[in-house]
Amino acid sequence: MPTDPTQARAARWGALALMARPAYIATELITAAATTGGYSFVADSVSKLGEVGSSDGYASPRHEVMNGSFVGFGVLLAGGAWLSNRELGPWVTGLLVVSGVSSVATGLAPLDRDATLHAIAATPLFVAQPLALMGLGHRLRHRQPRLAQALLATGVVTAAGAVGFVLTGEDGAAAGALERLALWPVLFGLAGWAWSQRRAGFRDGR
């Protein structure tokens, strides 16, 4: 954590923003619980929860919760990364800001309104997040080797999930599972890093 009071304050807020992001999963659960026509966390993509219309008996009445979540947690990602830029470094910060902006754009372009625009909005997230985790792991390899290894492994896992999701597509039998494999571990990987930063700040009295 930085010693300058202003920088330390920014880093604390950045860490808190990243630590809050695992709560995103609750918004998926809340939205899925209200769907009609059936929803599978294994077979159905996350984006399906954000559909504003209905088709073939399927409807997501709480779609505004999901789309709002994409926007809100995207802001937390981009803002948290920006505030933590000194600790993350320029490349990791840039990749996470791109990821956050991609999440915001995804929430503003529901899948059933314009599938092409939705795909364009969401694609950077699946590319940038695994690279950011691996970049952060590489950055920490000497200072925090255990955390570095965990982040590198998480980056590889999320990259594999992203590739699998892209190859199988929205209609793949395991599309939902693969997409969540690409997204959920990132939440906990970054939150774990942020917690380590907070703990370091507490020990240093900042």
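Quick notes on this structure:
- For the residues Ser84, Ser99, Ser40, a GNM of the chain with alpha-carbon springs under 10 Å puts the largest fluctuation on Ser40.
- Residues in the range 59-64 carry Karplus couplings, in order, of 8, 10, x, 9, 4, 5 Hz; the curve used is 6.51 cos²θ - 1.76 cosθ + 1.60 with θ = phi - 60°, and Gly or Pro positions show x.
- Percent accessible area from carbon and sulfur atoms, the chain, protein chains only, probe 1.4 Å: 66
- Modelled spin-label separation between Ala34 and Val166, with each label point placed 7 Å from Cα along the Cα-to-Cβ direction: 3.3 nm.
- Here the contact order of the chain, divided by its residue count and restricted to Cα pairs under 8 Å and six or more residues apart, works out to 26 percent.
- Surface analysis of the chain yields an accessible area of 47 Å² per residue, using protein heavy atoms and a 1.4 Å probe.
- Radius ratio Rg over Rh of the range 129-171, counting only Cα atoms, Kirkwood formula for Rh: 1.15
- In a simple Cβ point-charge model (Lys, Arg +1; Asp, Glu -1; nothing else charged), the range 9-154 has a dipole of about 960 debye relative to its Cα centre.
- Using alpha carbons only, the radius of gyration of the chain set against its Kirkwood radius gives Rg/Rh = 1.00.
- Inter-site label distance for Gln7 and Val127 at 7 Å from Cα along Cβ, in nm: 3.2
- Helix 145-168 axis versus longest C-alpha principal axis of the chain: approximately 20°, rounded to the nearest ten.
- Between the listed residues Ser60, Ala128, Leu151, the Cα displaced farthest toward the positive end of the dipole of the range 53-203, a dipole computed from Cβ unit charges relative to the Cα centre, is found at Leu151.
- Peptides 151-158, 128-135 ordered by packing proxy, namely the average of other Cβ atoms within 10 Å per residue, highest first: 128-135, 151-158.
- FRET E, pair Trp195, Leu117, Förster distance 41 Å, beta-carbon r, rounded to 0.05: 0.70
- Shown in residue order for the range 109-115 are the 3J(HN,Hα) couplings computed by the Karplus curve 6.51 cos²θ - 1.76 cosθ + 1.60 at θ = phi - 60°: 10, x, 4, 7, 8, 7, 4 Hz (x for Gly and Pro).
- Under 5 Å between amide hydrogens, built in the peptide plane, is the criterion, and for Asp112 it picks out Val52 among residues at least 5 positions away or on other chains.
- Crossing angle, helix 90-108 versus the chain [Cα axis fit, 0-90 degrees, rounded to tens]: 30
The values are calculated or read from the model by the stated rules, or taken from the named source; none is laboratory data. Note that the coordinates shown come from a computational prediction; the quantities given were computed from them, not determined experimentally. Because the Cβ atoms are built from the backbone with ideal geometry, glycine has one as well, and the counts that use them run over all protein chains shown. Please note that ligands, DNA and RNA were not included when accessible areas were found on the heavy atoms of the full protein model with its side chains. Shrake-Rupley method; radii C 1.70, N 1.55, O 1.52, S 1.80 Å.
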